[in-house]
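The values are calculated or read from the model by the stated rules, or taken from the named source; none is laboratory data. From a predicted model like this one, the values you see are computed outputs, not experimental measurements. Cβ sites come from the backbone with ideal geometry, for glycine too, and all protein chains shown count toward neighbours.
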Amino acid sequence: MIIFSLIITIKSINYIFAEIVYRLGRILAIDFGKKRTGIAVTDELQIIASGLTTVNTEELILFLKDYTSKEKVALFLVGKPKQMNNTDSESEILILPFLQKLKNSKVMKQFSGISIMEAGAIINRKDREAIVSWLIDNSIRIHNDRQPFVYKIEVEMQALKPLILDCKRCYPNLWKEKLKIICDGNKQLCDLFLIELDNDHSLSSPTTRIKPKNKEDVELLNRIYR
């Protein structure tokens, strides 16, 4: 199950800015500087770390957006600079605004949170208890930040997964093209499914028989299975 989380908290000497995004993925470490920022990454198994590059700090957000569009990143790790006496360094005042900017940037838009009832609209359920039960059954974590929320892309993936697995089974040579139809032009969602489906061991065999619930579902199924 894919887990999404977006937090800003301090642990020891590091800011942990995001928890696991994919089951496995690179940890991207940021050595933030006023003018230049160093970047290091691990492999996708998170075993070996190595330096990647340095970028102009004013171009850092653009770099992260481009990199995360090409690579599977599980965690952003931002160094918390300290003086010799263990007090915060002068760079601290620059890092906090950067974290807020990163949080509000397109890099993190895929992690947008929605309410329980908004999740219900995606899965065609109106009863709150039924929605929560579905979320739990699909191993979707319910977060709390003043109000309970879940991540929209995670709900969408679990809602569409039975249909996509069935499509892959029926059309082993064409399922990638049909995936674009199912994801309705959502490239990010489509890319995430491609990542998941490249690792067949991480997905169980489809157990849900697809039954259209309304006219729109019928039209979608007709487009997929024509």
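Based on what the data block shows, is residue 16 at pLDDT 75 or above and either over 22 Å from the mean Cα position of the chain (by Cα) or outside the structural domain of residue 195 (by TED's automatic domain parsing) (or both)?
no
Output the residues belonging to the range 176-194 that are assigned to a helix (DSSP H, G or I) and not basic (Lys, Arg).
177, 179, 181, 182, 188, 189, 190, 191, 192, 193, 194
Please tell me if residue 76 is within 22 Å of residue 145 (Cα to Cα), outside the structural domain of residue 159 (by TED's automatic domain parsing) and within 20 Å of the chain's Cα centre (by Cα).
Yes, satisfied.
Right, residue 150: in contact with a His (Cβ under 9 Å, 6 or more places away or on another chain) and either closer than 30 Å to residue 66 by Cα or at pLDDT 90 or above (or both) or not?
Yes, satisfied.
Of all residues in the range 40-71 being in a loop (DSSP other than H, G, I, E, B) and among the acidic types (Asp, Glu), which is nearest to residue 98 (Cα to Cα)?
Residue satisfying both the conditions and the ranking: 71.
Yes/no per residue for (1) assigned by TED's automatic domain parsing to the domain that holds residue 65; (2) under 20 Å from residue 137 (Cα atoms); (3) modelled with pLDDT of 65 or more:
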position	(1), (2), (3)
164	no, yes, yes
167	no, no, yes
177	no, no, yes
183	no, no, yes
189	no, no, yes
194	no, no, yes
202	no, yes, no
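Do we have residue 122 as in contact with a Lys or Arg (Cβ under 9 Å, 6 or more places away or on another chain) and not assigned by TED's automatic domain parsing to the domain that holds residue 42 here?
Considered against the rule, which asks whether it is in contact with a Lys or Arg (Cβ under 9 Å, 6 or more places away or on another chain) and not assigned by TED's automatic domain parsing to the domain that holds residue 42, residue 122 comes out as yes.
When you scan the range 22-54, how many residues do you find that are in contact with a helix residue (DSSP H, G or I) (Cβ under 8 Å, 6 or more places away or on another chain), closer than 18 Å to residue 95 by Cβ and surrounded by fewer than 19 Cβ atoms within 10 Å (Cβ to Cβ)?
5
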